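What follows is a set of notes on a single structure, which appears directly below.
Coordinate-derived values only; no laboratory data. Computed from a predicted structure; not experimentally measured. Cβ sites come from the backbone with ideal geometry, for glycine too, and all protein chains shown count toward neighbours.
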Amino acid sequence: LPRPPAGFLGRDAELAELTRLALPGAGQDRPYGGAPAGLPAEGGIALVTGPAGVGKTGLAVHWGHAYAAAFPDGRLFADLRGFSGGEEAEPTAVLREFLLAMGTPADQIPPSEQAAGALYRSLVAQRRLLVVLDNASSSAQVRPLLPGGPHCATLVTSRSRLDGLIATDAARPVRLHALGPADGAALIGALLGPDRVAEDPAAAQELVTLCDGLPLALRAASAQLVARPRWRLARLATALRDE
Ligand SMILES: Nc1ncnc2c1ncn2[C@@H]1O[C@H](COP(=O)(O)OP(=O)(O)O)[C@@H](O)[C@H]1O
Ligand SMILES: [Mg+2]
């Protein structure tokens, strides 16, 4: 799992939703009444969707660190490289990485996707694992990598809605929207220090609007201000508005 995003803020409702949907034993309202008494309810698949830069990867990684204790057998993370402009990750290559990470010797990894997938599922069936599949391009790319073990949780992120995963694999969507005005200003304040935001709260709000509330854009705008300690927020807002 990548390092947790520094200064992650807000997203309380979405984090709680991930817990409810994905954490083994956390779901009280699964279809068919959940697990029999005495057994942990199955971990589920949460599908985090939203536009580029809205914070999908950050949310998934932050949650993975927050609930590390729930996954004593570890956490598997793969960037599936959907929408990155380059080549997408092949499920077979990701299966191979996951099997290596779980201790399978390289010469015992089957070359075919089917056989590697069968070995993967037999290994994860007994483990308490978190599987994070980041930047998925399609349901077909994700499906061979779903652990399916009763004690595993799966987080998938994508810019697409991946309706197929919802329809066939019981994934549950968590839609991620832009940050609201308060969280957006708090993100700027966390990077610049609260004083520069406090001296011009209206300009801070305008920056949030100009950045569409996207954490990626807000971080980039804040970085420009960090590099220009004498600039007031309004000056950058004017520059961005005129761009
Ligand atoms: N809630 C948040 N608080 C602070 N920073 C955030 C938050 N969400 C995302 N970020 C930061 O914004 C940037 C973009 O987020 P990222 O998760 O990579 O977006 P996405 O995966 O949706 O494209 C990253 O630098 C990330 O650390
Ligand atoms: Mg991402």
Exercise. Sorted by mean Cβ packing within 10 Å, highest first, what order do the peptides 229-235, 101-107, 15-21, 141-147 take?
Worked result: 141-147, 15-21, 229-235, 101-107
For this session: Could you work out which residue, out of R121, R228, R81, moves most in a Gaussian network model of the chain, that is, has the largest mean-square fluctuation with Cα springs under 10 Å?
Result: R228
For this session: Take the chain, connect every pair of alpha-carbon atoms lying under 10 Å apart with a spring to form a Gaussian network, then pick out the residue of V208, V156, V226 with the largest mean-square fluctuation.
Result: V226
Problem set entry | Placed amide H near V48: partners under 5 Å, 5+ positions off or other chain | V156, T157, S158, V174
Exercise. What ³J(HN,Hα) values, in whole Hz, does the Karplus curve 6.51 cos²θ - 1.76 cosθ + 1.60 give for region 62-70 when θ = phi - 60°, with x put for Gly and Pro?
Worked result: 4, 5, x, 6, 5, 10, 3, 5, 6
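Rank these for me by crowding, L100, L165, going from fewest to most other beta carbons within 10 Å.
Values: L100 12, L165 25.
So the ranking, lowest neighbour count to highest, is L100, L165.
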Exercise. ³J(HN,Hα) across region 4-13 via Karplus (A = 6.51, B = -1.76, C = 1.60, θ = phi - 60°), whole Hz, x for Gly/Pro?
Worked result: x, x, 5, x, 5, 9, x, 6, 4, 5
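Is the C-alpha gyration tensor of region 181-241 telling us rounded, prolate or oblate? Criteria: a/c under 1.5 is rounded; beyond that, a/b larger than b/c is prolate, otherwise oblate. If you can, show how the numbers build up before the last one.
Working: a/c = 1.24, a/b = 1.13, b/c = 1.10.
Cα axes put region 181-241 in the rounded bin.
Tell me whether region 12-175 comes out rounded, prolate or oblate; compute the Cα gyration tensor, take square roots of the eigenvalues as a ≥ b ≥ c, and use a/c under 1.5 as the rounded threshold. List each step's numbers first, then the result.
Numbers: a/c = 1.60, a/b = 1.10, b/c = 1.45.
The shape class here is oblate.
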Seminar exercise, completed: Ordered by fewest other Cβ atoms within 10 Å, a rough proxy for footprinting exposure, F71, F8 read F8, F71
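Could you put D242, D169 in order, starting from the residue whose Cβ has the fewest other Cβ atoms within 10 Å?
Values: D242 6, D169 18.
So the ranking, lowest neighbour count to highest, is D242, D169.
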Exercise. Highest GNM mean-square fluctuation, the chain, Cα pairs closer than 10 Å: which of L133, L192, L95?
Worked result: L192
Problem set entry | Calculated from backbone phi, Karplus (6.51, -1.76, 1.60) coupling profile of region 171-181 in Hz, x at Gly/Pro | 5, 10, x, 10, 7, 9, 9, 4, 5, x, x
Seminar exercise, completed: Residues meeting the amide H criterion for F77 (H placed from the backbone, H to H distance under 5 Å, 5 or more places apart or on another chain) are V132
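Using DSSP to call loops (not H, G, I, E or B), can you name the GluC sites (Glu not before Pro) in region 56-146 whose Cβ has at most 10 other Cβ atoms within 10 angstrom?
Working: sites: E87, E88, E97, E113; in loops: E87, E88.
Within region 56-146, the qualifying GluC sites (Glu not before Pro) (loop, at most 10 other Cβ atoms within 10 Å) are E87.
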Exercise. Taking the Cα atoms only, what angle lies between the long axis of helix 113-124 and the longest principal axis of the chain, rounded to 10 degrees?
Worked result: 90 degrees
